[in-house]
1. Once both labels are modelled 7 Å past Cα along the beta-carbon direction, what's the D72-I171 spacing in nm?
2. Once both labels are modelled 7 Å past Cα along the beta-carbon direction, what's the E111-S50 spacing in nm?
3. Expressed as a whole percent, how much of the Cα-Cα distance distribution for the stretch 5-146 exceeds 19 Å?
4. Please state the relative contact order of the stretch 68-176 as a whole percent: Cα pairs under 8 Å, 6+ residues apart?
5. Carbon and sulfur: what percent of the stretch 122-194's accessible surface (1.4 Å probe)?
6. Between D7 and L149, with labels modelled 7 Å along Cα→Cβ, what's the label distance in nm to one decimal, could you check?
7. Need the full-extension length gain, I24 to D199, defined as separation in residues times 0.36 nm minus the C-alpha distance. One decimal, nm.
8. Calculate the radius of gyration of the Cα atoms of the stretch 44-115 to one decimal place, then report Dmax, the largest Cα-Cα distance, as a whole number, both in Å.
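The values are calculated or read from the model by the stated rules, or taken from the named source; none is laboratory data. As the structure is a computational prediction, the values presented were derived from the model and not from experiment. Don't worry about glycine lacking a Cβ; one is built from the backbone with ideal geometry, like all the others, and counts go over all protein chains shown. Note: areas computed on protein heavy atoms with side chains; ligands, DNA, RNA excluded. Shrake-Rupley method; radii C 1.70, N 1.55, O 1.52, S 1.80 Å.
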Amino acid sequence: MFPRIRDLDERKLLVPYGTEVPEILKPVTKFISLKVFIKSYDQLMRVAASVKDGTLTAILACQKFGSDAVGDDVRAAGNQFGQLQRTLFLCDYYTKPNFRRELHRVLNRGEAVHVLQRAIYSGRMPHQKGRTNESLEAISGSLTLLTNLVMTWTTQQIQAASERLAARQIIAPAGVLAHVGPARLWNVNLRGTLHWPIDDYADRIFGGALRDRRWPLAVVSSVGKVAAGAQP
């Protein structure tokens, strides 16, 4: 998964000293030394292997080589490795339109899930809640479950709509369907629907207009249902 990099227009292409760079790219290129990276490469790979096989957790590795480890050769080697990876990413991002478009689509999908979660959980967590790992896991798990339920329902509706179009001999191109995702919010009423007994109180609401028979009762009822958020 590739990140969304901030201040992308200010990023430089970091390359090792001695690399031949085209003249047009020199204004956006910065040369770095890989002496520390070469020196500490084996130790960096040991850390990566330990995280991969579970001997060392990723959280503990980040704590060990965090800001307190400034000056550590392994930390410096990891930073340089990340800089080289980011340079490769920038090359792909700027030169491959399909890659750039797909990257934005995937990132927008992930951010759409967060928007949906914030809409589902709109209140504040009570002060007495969330103080233990168990309560945090319960809250997080419940929110994830509700989010998955909404996306599952939306997926079913998208599938049903696709089948109705197919029955009418309307086939959506694969490129269009690739941009349709289930992490949508606007097709779901998260606050419920209010139904008012308009027929029972039509005379009070509409007064003389109803008594004078200028509006049929069916029309009055339909208007009331629309006002209440229901289908006429």
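1. 5.7 nm
2. My value for the distance between the label points is 3.7 nm.
3. 70 percent
4. For the stretch 68-176, the relative contact order is 14 percent.
5. Percent of accessible area from carbon and sulfur atoms in the stretch 122-194: 59.
6. Between D7 and L149, the label points sit 4.4 nm apart.
7. Going from the current span to full extension adds 55.5 nm.
8. For the stretch 44-115, the Cα radius of gyration and maximum Cα-Cα distance read 16.3, 40 Å.
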